[in-house]
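Following: one structure in structure tokens, then a few remarks.
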Amino acid sequence: MTNQYQSAQLQELDALHHLHPFTDHQSLRSGGARVIVRGDGPYLWDSEGTRILDGMSGLWTANLGHSRKELAEAGYRQMLELPFSNTFFRTTHPPVVLLSRKLAELAPDNLNQVFYGSSGSESNDTAIRLIRHYWALKGEPKRRIIISRKNAYHGSTIAAGSMGGMAHMHAHSYPVYEGFRHIMDPYWYGESREGESPEAFGIRAARALEDEILAVGPENVAAFAGEPVQGAGGVKIAPESYWPEVQRIVDKYGILLLADEVITGFGRLGTWFASQYYGIRPNLITFAKAATSGYIPLSGVIVDDKIVDVLMAHADDFNHGYTFSGHPVACAVALKNLEIIEQEKLVPRVKEFTGPALAKMLAKFKDHPLVGEVRSVGLLGAIELVADKRTRRRFADLGRVGLICRDHFFGEGFIMRAVFDTMVTAPPLIWTQDQFDEAEEVIARALDLTLNDVAGELAA
Ligand code: PXG
């Protein structure tokens, strides 16, 4: 498809006819988008023939890397056999049944049934509806408030976007859909007080949940929702004290816990789900992205037996569903994806090799003049760029230096994303030492080039 068109022509057509997500279209029209034409394993290629090391797994998604033949074949076979069939009206099909059983096996013990969608946003919308429906069926319809966190990302639909805590998104779709509250995020580097240990900060950030429950009235609260690690918010890794305290508060007030595992699911932290890594007991897990390694859209919510029991106790419909809920081709690809991840032992490998390799590689940059902090958990990592390492002072015009650095990464043939001035990475589970070495070299060069650009702004 790409051979018939020159890059410049594709860029021009793109600017004329394609509206991109989260993009400044004025600057896109003048600069043009980079055209990605091919992927293979850990690498992508653009239309100029440049090879790019993909440090973002596409977008926190391609856990198996790009262009695995087995996934293509699983989709192809399913398309020839049964390309589409709905799951409404008491019908089902083998791939959705087998995938549901597999997900129930991988998820925590009490989560055994799955409701499907095609995107993380949809899965969170489903979870919001399930949570409120559950309380209504239990005779507590006032319990509608879902508490989440500032800078959380739960998707772009109006409900999921409202549950998320991205102020710049709320500003566009005014007013935030009713029934959501946002507490502080557990971001020690950015939010802790002088001298406050990560432990103490973690407890304080968790107690913000209890304060909010008491402020709105426990009888009105339906659930707490959180990403085990905030991804799009800047790979914010809660201190160890945080999640146990959140779980204690959730239990104390008897509210539901929704773990949004759209980024953390399917091995990223060295466990199938991050809930298992942190030892939390969610009542709902939402997933998407890496369920198929991104080869085809698929998402869902894995639901606690106690919620399903309440649904079952009422002879009535749960009035919710998507045409593509449990799409057979997507389910077939997901099954193959999970099978390969399992066969190649990629999940324990995160714990034993890839996670420590990422941590070791990032640690090499902690003394760089631009770097305030490096952090990682499993295969999620971040480098904070600051103007003053000692005081953690940011550069003026937050986000500007992050983009300078991101462009240097691009220039060096590497993808890492900028969240304001925090550079984040989520490598695929298949990286070998060669890719970590390559990343180390390009990060070193890109950081030095960035330093060169902003040296005058650094604290003396
Ligand atoms: N929850 C979480 C935790 C996510 O990270 C969604 C829900 C929504 O998924 P969908 O499939 O509807 O996009 C996400 C998505 C970024 C970026 O720039 C992150 C996401 C999406 C787009 C960009 O980091 N995460």
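Listed values, structure above:
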item: Residue in the stretch 392-401 that is β-branched (Val, Ile, Thr) and farther than 30 Å from Tyr76 by Cβ present; result: yes
item: Selection from the stretch 288-314 of residues that are open to solvent by less than 10 Å² (accessible area, probe 1.4 Å) and of a type in the set (Gly, Ala, Ser); result: Ala288, Ala290, Ala291, Ser293, Ser299, Gly300
item: So Gln247, is it away from the ligand (no atom under 15 Å from the Cβ) and within 18 Å of the chain's Cα centre (by Cα); result: no
item: Residue in the stretch 288-305 that is nearest to Leu358 (Cα to Cα), counting only those that are of a type in the set (A, V, I, L, M, F, W, C) and assigned to a helix (DSSP H, G or I); result: Ala290
item: Answer from Phe273, Phe318, Phe266 - the residue that is of a type in the set (Phe, Trp, Tyr) and over 16 Å from the mean Cα position of the chain (by Cα); result: Phe318
item: Residue match in the stretch 78-85 (condition: more than 19 Å from the chain's Cα centre (by Cα), open to solvent by less than 10 Å² (accessible area, probe 1.4 Å) and among the aliphatic types (A, V, I, L, M)); result: no
item: Residue check for Ala460: more than 24 Å from the chain's Cα centre (by Cα), open to solvent by less than 10 Å² (accessible area, probe 1.4 Å) and without any contact (Cβ under 8 Å) to a residue 60 or more places away in the chain; result: no
item: Conditions (1) touching a residue at least 40 places away in the same chain (Cβ under 8 Å); (2) within 16 Å of the ligand (Cβ to nearest atom): number failed by Leu257; result: (1)
item: Some residue of the stretch 438-448 being touching an Asp or Glu at 6+ places or on another chain (Cβ under 9 Å), open to solvent by less than 40 Å² (accessible area, probe 1.4 Å), among the small types (Gly, Ala, Ser) and within 16 Å of the ligand (Cβ to nearest atom); result: no
item: Residue list for the stretch 126-139, filter: in contact (Cβ under 8 Å) with a residue 12 or more places away in the chain and either outside the structural domain of Glu178 (by TED's automatic domain parsing) or within 26 Å of Ala215 (Cβ to Cβ) (or both); result: Ala127, Ile128, Arg129, Leu130, Ile131, Arg132, His133, Tyr134, Trp135, Lys138
item: Total residues in the stretch 140-163, condition hydroxyl-bearing (Ser, Thr, Tyr), within 11 Å of the ligand (Cβ to nearest atom) and free of Cβ contacts under 8 Å to residues at least 60 places away in the same chain; result: 1
item: Check on Val401, at pLDDT 95 or above and either more than 22 Å from Ile263 (Cβ to Cβ) or surrounded by fewer than 19 Cβ atoms within 10 Å (Cβ to Cβ) (or both); result: yes
item: Residue list for the stretch 146-190, restricted to those being open to solvent by 70 Å² or more (accessible area, probe 1.4 Å) and touching a Lys or Arg at 6+ places or on another chain (Cβ under 9 Å); result: Ala167, Glu178
item: Some residue of the stretch 141-163 being basic (Lys, Arg), within 17 Å of Asp304 (Cα to Cα) and more than 21 Å from the chain's Cα centre (by Cα); result: no
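The values are calculated or read from the model by the stated rules, or taken from the named source; none is laboratory data. Values in this document were obtained by computation on a predicted structure and should not be read as measured data. Please note: Cβ atoms are built from the backbone with ideal geometry, for glycine as well, and neighbour counts cover all protein chains shown. Heads up: the accessible areas ignore ligands, DNA and RNA and are worked out on the full protein's heavy atoms, side chains in. Shrake-Rupley method; radii C 1.70, N 1.55, O 1.52, S 1.80 Å.
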